[in-house]
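All remarks here apply to the structure that follows.
The values are calculated or read from the model by the stated rules, or taken from the named source; none is laboratory data. Here the structure is a predicted model, which is why all the values come from computation and not from measurement. FYI the Cβ positions are ideal-geometry reconstructions off the backbone, even for glycines, and counts take in every protein chain you see.
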Amino acid sequence: MKVAHLTTVDMSLRYLLLPQLLAVVDAGGEAVAISAPGPWVPELEALGIRHRALASSTRSLDPLADLRAARELWRVLQEERPDVLHTHNPKPGLYGRIVGRLVGVPIVVNTVHGLYAAPDDRLAKRLLVYGLEAVAARCSDAELVQNPEDLALLRRYRISPKAELLGNGVDLTRFDPDRVPPDCRTRLRAELGVRDDQVVVGTVGRLVREKGYPELFAAMEALARAEPERYVLVCVGGDDPEKADRLPPEQLEAARAGGVRLLGHRDDVDELLSAFDVFVLASHREGFPRAAMEAAAMGLPIVATDIRGCREVVEPGVNGTLVPVRDAAALAAALTGLVDPERRSRWGRASRDVAARRFDECDVVRRVFDAYAAVAHRKGLDLT
């Protein structure tokens, strides 16, 4: 079978969907990745995944560019004639399902990674997002929803009658604290200039306001005033110039001057997590945060905002704490509560248990293939 995965950018293909793409190749099928061109394309192609570029695909809010990308996708699908088109992300998930159905792709599947409107957003935004989602969902054969809160909403308002729970997962063999060499933590903390008695608070996410960096920086400033040099914040994640809420250079420079370690994009996240004492995710909006799942799998206690997605990873009082959105004082208080090494150790063990039970990406891949097979059976198609 030929399966095409459609995303906005190639980073999503590399870091979110690679297991699903490789599963197609391993099964003897042909995997086609469709996105904007980018630096991860050569790596994908080296793994046997063919890439087709949409030159107009962008993360920015640009309806004209989206229309051009839809037209480019039409040509790609006519040339490729995949058996399955699997769409992801808000924008390609919208135009991809519609174009896929109009072109005549036999099976169109969409993954809802997180509805772009939350229940507490403005009514106008919710009506627009839910209305567009309802239209696009009628063009797919299967709707796979990562987050159970999104699934409940889609069913409650009959936005997506075909919606079913997919869940989310990470590589539990890579993100395993027992796999990291014993000296890795010591080496990395030395490279970061962190003493043994300091508490390393780590986060992973793009440098945009939506990830809660302003509140996190403010919380760390408050902790530094209360206990100078006790806490060190380490941020892993690159700049996102296409996003309107990217952090301005002056804010990043001020954070560096205050002692924040800004590491940029890194491919050794598993090892870096072993150097952290606490993982924090201060996001304003999430679907099902991969970074938090990876931190849980590495046995870290987690402080996160009380939002959709984070509530799937953090069990308050068991493996972490949930705090209100945009509340720097609450973040600081939660981090202060994890100065106790025994609590960090207890919650960290619980995090690993949660991840082992619920966040295995092999289960996600299996559910995706089961969805393809179910649609093929219903339509009388042969995908072998």
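What is the number of the single condition among (1) in contact with a strand residue (DSSP E or B) (Cβ under 8 Å, 6 or more places away or on another chain); (2) in a loop (DSSP other than H, G, I, E, B); (3) of a type in the set (A, V, I, L, M, F, W, C); (4) closer than 30 Å to V112 by Cβ that V194 does not meet? All conditions pass for V194, except number (4).
Filtering segment 65-74 to residues that are of a type in the set (A, V, I, L, M) and either farther than 19 Å from P241 by Cα or not in a helix (DSSP H, G or I) (or both) leaves L67, A69, A70, L73. Looking only at segment 233-252, decide whether some residue is surrounded by fewer than 14 Cβ atoms within 10 Å (Cβ to Cβ) and either closer than 20 Å to D277 by Cα or polar (S, T, N, Q) (or both). Within segment 233-252, none of the residues are surrounded by fewer than 14 Cβ atoms within 10 Å (Cβ to Cβ) and either closer than 20 Å to D277 by Cα or polar (S, T, N, Q) (or both).
Taking segment 275-286, which residues are of a type outside the set (A, V, I, L, M) and either within 12 Å of V204 (Cβ to Cβ) or crowded, with 24+ Cβ neighbours inside 10 Å (or both)? Full working, then the answer.
Within segment 275-286, the first condition is being of a type outside the set (A, V, I, L, M), and the residues that meet it are 276-277, 279, 283-286.
F276, F279, S283, E286 - these are the residues of segment 275-286 that are of a type outside the set (A, V, I, L, M) and either within 12 Å of V204 (Cβ to Cβ) or crowded, with 24+ Cβ neighbours inside 10 Å (or both).
Of all residues in segment 22-64, those satisfying the criterion of being surrounded by 22 or more Cβ atoms within 10 Å (Cβ to Cβ) and in a helix (DSSP H, G or I) are V24, L44. Counting the residues of segment 67-99 that are of a type outside the set (A, V, I, L, M, F, W, C) and under 21 Å from H377 (Cα atoms) gives 6.
In segment 90-104, which residues are of a type outside the set (D, E, K, R) and either in a helix (DSSP H, G or I) or surrounded by 23 or more Cβ atoms within 10 Å (Cβ to Cβ) (or both)?
Of segment 90-104, the ones of a type outside the set (D, E, K, R) are 90, 92-96, 98-100, 102-104.
Correct list: P90, P92, G93, L94, Y95, G96, I98, V99, G100, L102, V103.
Of the listed requirements (1) touching an Asp or Glu at 6+ places or on another chain (Cβ under 8 Å); (2) under 17 Å from V325 (Cβ atoms), G212 misses just one: (1).
Given the residues Y130, Y157, which is the only one that is touching a Phe, Trp or Tyr at 6+ places or on another chain (Cβ under 9 Å) and farther than 23 Å from T8 by Cβ? Walk me through it before giving the result.
Working: Y130 fails: farther than 23 Å from T8 by Cβ.
It is Y157.
Here is a list: E80, E43, E30. Which entry is of a type outside the set (A, V, I, L, M, F, W, C), over 24 Å from Q146 (Cα atoms) and within 22 Å of the chain's Cα centre (by Cα)? Quick ask: steps written out before the conclusion?
On the way: E80 fails: within 22 Å of the chain's Cα centre (by Cα); E30 fails: within 22 Å of the chain's Cα centre (by Cα).
Going through E80, E43, E30 in turn, the sole match is E43.
Within segment 199-209, not a single residue is modelled with pLDDT of 95 or more, among the polar types (S, T, N, Q), buried (at least 20 other Cβ atoms within 10 Å of the Cβ) and part of a loop (DSSP other than H, G, I, E, B). The one condition from (1) modelled with pLDDT of 95 or more; (2) over 23 Å from L16 (Cβ atoms); (3) not in a helix (DSSP H, G or I) that E164 does not meet is (2).
Considering only residues in segment 234-277 that are in a strand (DSSP E or B) and closer than 26 Å to D171 by Cβ, the one that is farthest from the chain's Cα centre (by Cα) turns out to be R261.
How many of the residues making up segment 100-140 are in contact with a helix residue (DSSP H, G or I) (Cβ under 6 Å, 6 or more places away or on another chain) and over 29 Å from A376 (Cα atoms)? Residues meeting the conditions: 2.
Look through P228, P214, P241, P249 and report the one residue that is under 24 Å from G114 (Cβ atoms) and without any contact (Cβ under 8 Å) to a residue 24 or more places away in the chain.
On the way: P228 fails: under 24 Å from G114 (Cβ atoms); P214 fails: without any contact (Cβ under 8 Å) to a residue 24 or more places away in the chain; P249 fails: under 24 Å from G114 (Cβ atoms).
Testing whether each residue is under 24 Å from G114 (Cβ atoms) and without any contact (Cβ under 8 Å) to a residue 24 or more places away in the chain leaves just P241.
The residues on offer are V318, V339, and the sole one that is within 13 Å of V201 (Cβ to Cβ) and assigned by TED's automatic domain parsing to the domain that holds T305 is V339. Considering segment 339-351 alone, what residues qualify as being surrounded by fewer than 21 Cβ atoms within 10 Å (Cβ to Cβ) and touching a Pro at 6+ places or on another chain (Cβ under 9 Å)? R343, R344, S345, R346, A350, listed by residue number.
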